[in-house]
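Since every read-out is calculated from the coordinates, none of them should be taken as a lab result. Just so it is clear, the structure is predicted and the values come from calculations on it, not from any experiment. Because the Cβ atoms are built from the backbone with ideal geometry, glycine has one as well, and the counts that use them run over all protein chains shown.
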Amino acid sequence: MTVTYSTFKPGQLWNDNRGKHISAHGGGILVHEGIYYWYGEDNSEGYLNNVGVSCYSSTDLYNWKYEGTALRQEDMPEELQGKNNGRVERPKVIYNTKTKKFVMWMHAERSGYAFSSAGVAISDSPTGPFTFLFYDRPVLFQPENGFDKHTNEEELGNSFRDMHVFVDDVDSNGDGVNDAYVYYASEGNWTLYIVRLNSDYTWVDLPDDPDRVRPQCTEKNLGEVWSRQFIRKMREAPTPFKYKEKYYIISSACTGWKPNQAEYAIADKPLGDYQTIGDPCVGDDDKTTFHSQSTFVLPIDKKNGKFIYIGDRWTPDELGKSLHIWLPLEIDDNYNVTIRWQDEWELSELK
Ligand code: DGJ
C-alpha cells in the first residue's frame, strides 16, 4: 500500500513509494545536494538470498523512493555471491569531494561469519551502480589474547565485522579532502578498531604497498593511523557522530540479532581514546535500546545537538521485515546524550 507519511512511527512497518517495507537494514544515510540517500542491506529475499545494497531517496526523511539496488550481490566477486552464501552487512556510503566518487564500505561476509572482511565499492552516482573494488582486512596486529582462529586472523589480518564510516569536518593534512575513518568490530568482535582513510576514502591512510601486500596497519602505526578501543569489551554496531568538537560512538553489546543495552562513549579525537559514559536511552526499562541495535546517527540541527538515532529491530526469521527505530537523540551542554521513546513524532520536535 502506498502511504504518505508526515510523522515517524518507530517500530511499525514503513513503506516506500512502491508500497513495500523499506529493506535497508544496518543502514546509513548520505545527504548529497539536498537529497537524503538511505543505503542498507536488502534482506527482502532472505538472509542468504541477499539482493545486495538497496538505495532509497527522500527530501523530507518521511517518504522514501526506492532507487533500486545500488550494489548487486551478483556483481560481487564469485566467493561473495548469493550462491556462495555471500552477504553484505551494514553498508555505508560517503562522498569524496576530490574524486567526486561515492564510496561504499561494507562488511563482506559469508554464512558462518569467518570471511569477515572489508569490501569497498565506488560509483559516480549516489544511486549506483556501484563497482566493487576489492575486499581485504586493514590491520594485522597480535592481540594480548592471541589471534582469532575462526576468522584466520594470523594469516589474513584482524577480522572486520560490524562497521561504520564517518567523515569529519576537518582536513588535517590540508589535501583538500576532509578526514574520514572506518570503525569496525575486530579481533573476533572483542575489540573495536578505528582506521583513518586515504584521500580517496578507498583504503587506509598509508602509502599503498606496490605489491599490494596488505594489511598495512600494524603495531608500528598504532595510535597514528589506527587505534584499538573498548579493548576486550565486545562492542558491536559502532555508530559515530560529532558534536561541538567531541567525537561520540554509540555501540551495542554482542548478542547476535537479539537487542541489548547500548552505551555511548566520548573522545577529544577521532581515534580516541574513548571514555564510556553509559546508556543514552532514558525510560528503556528492559535495557534493550528500545528493542533495537544502533546503525546510524543523523544530524538534524548539529549546532544545537539535535540528531536522529537510527536502529534496527531485527526479526531474524524474516530479516527483510526488520523494523526501523528512528528516535530523537539530543545532546546537552554537558555532552550528555539522551534517546527517548516516542510512539509517533515529527522533525519539528528537533528544531
Ligand atoms: C549482530 C550484528 O550487529 C549484525 O549486523 C549481524 O551481524 C548479527 N549480529 C548476526 O548475528
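Okay, here's what the table says:
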item	result
Overall form of the range 271-317 per C-alpha gyration tensor (a/c, 1.5; a/b vs b/c)	prolate
Descending principal axes extents, the range 174-289, alpha-carbon based, whole Å	53, 33, 21
Order of Ser322, Ser57 - criterion: other Cβ atoms within 10 Å of each residue's Cβ, fewest first	Ser57, Ser322
The range 118-198: GluC sites (Glu not before Pro) falling in loop per DSSP and having at most 13 other Cβ within 10 Å	Glu144
Straight-distance crosslink candidates among lysines, where the alpha carbon sits under 24 Å from Lys269 and sequence neighbours closer than 8 are dropped	Lys92, Lys98, Lys220, Lys233, Lys242, Lys244, Lys246, Lys302, Lys303, Lys306
Rg over Rh, two decimals, the range 92-132 (C-alpha only, Kirkwood Rh)	1.09
Distance between the range 258-279 and the range 195-252 - C-alpha centres, whole angstrom	15 Å
Amide H within-cut-off set for Ala237, under 5 Å, with H built and near neighbours excluded	Asp162, Ser252
Calculated P(r) tail over 17 Å for the range 120-159, as whole % of Cα pairs	47 percent
Ranked Ile300, Ile122, criterion: other C-beta atoms within 10 Å, fewest first	Ile300, Ile122
Kirkwood Rh and Cα Rg combined as Rg over Rh, evaluated for the range 122-238	0.97
Exposure proxy order (Cβ contacts within 10 Å, fewest to most) of Lys242, Lys98	Lys98, Lys242
For the chain, with +1 on Lys and Arg beta carbons and -1 on Asp and Glu, the positive-most of Pro129, His21, Val53 along the dipole	His21
Placed amide H near Gly188: partners under 5 Å, 5+ positions off or other chain	Ser159
Gyration tensor verdict on the range 228-298 (Cα atoms; rounded if a/c is under 1.5, prolate if a/b is larger than b/c, oblate otherwise)	prolate
Value of relative contact order over the chain, rounded to a whole percent, pairs C-alpha under 8 Å and six or more apart	13 percent
Difference of contour (0.36 nm per residue) and Cα-Cα distance, Lys149 to Ser172	4.6 nm
Computed [θ] at 222 nm, deg cm²/dmol, the chain (DSSP H ≥ 4; -39,500 (n - 2.57); rounded to nearest 500)	0 deg cm²/dmol
Principal axes of the range 5-62: Cα extent on each, largest first, Å	34, 25, 19
Cα-based shape type of the chain, given that a ≥ b ≥ c are square roots of the gyration tensor eigenvalues and the cut on a/c is 1.5	rounded
Convex hull volume per residue for the range 242-351, taking Cα atoms only, in Å³	111 Å³
Cβ-placed point charges (K, R +1; D, E -1), dipole of the chain about Cα centre in debye, nearest 20	320 debye
Relative contact order [Cα under 8 Å, 6+ residues apart], the range 22-113, whole percent	24 percent
The range 305-351, relative contact order in percent, only Cα pairs under 8 angstrom and at least six apart counted	34 percent
Calculated on alpha-carbon atoms, Rg and Dmax of the range 69-152 in Å	14.3, 43
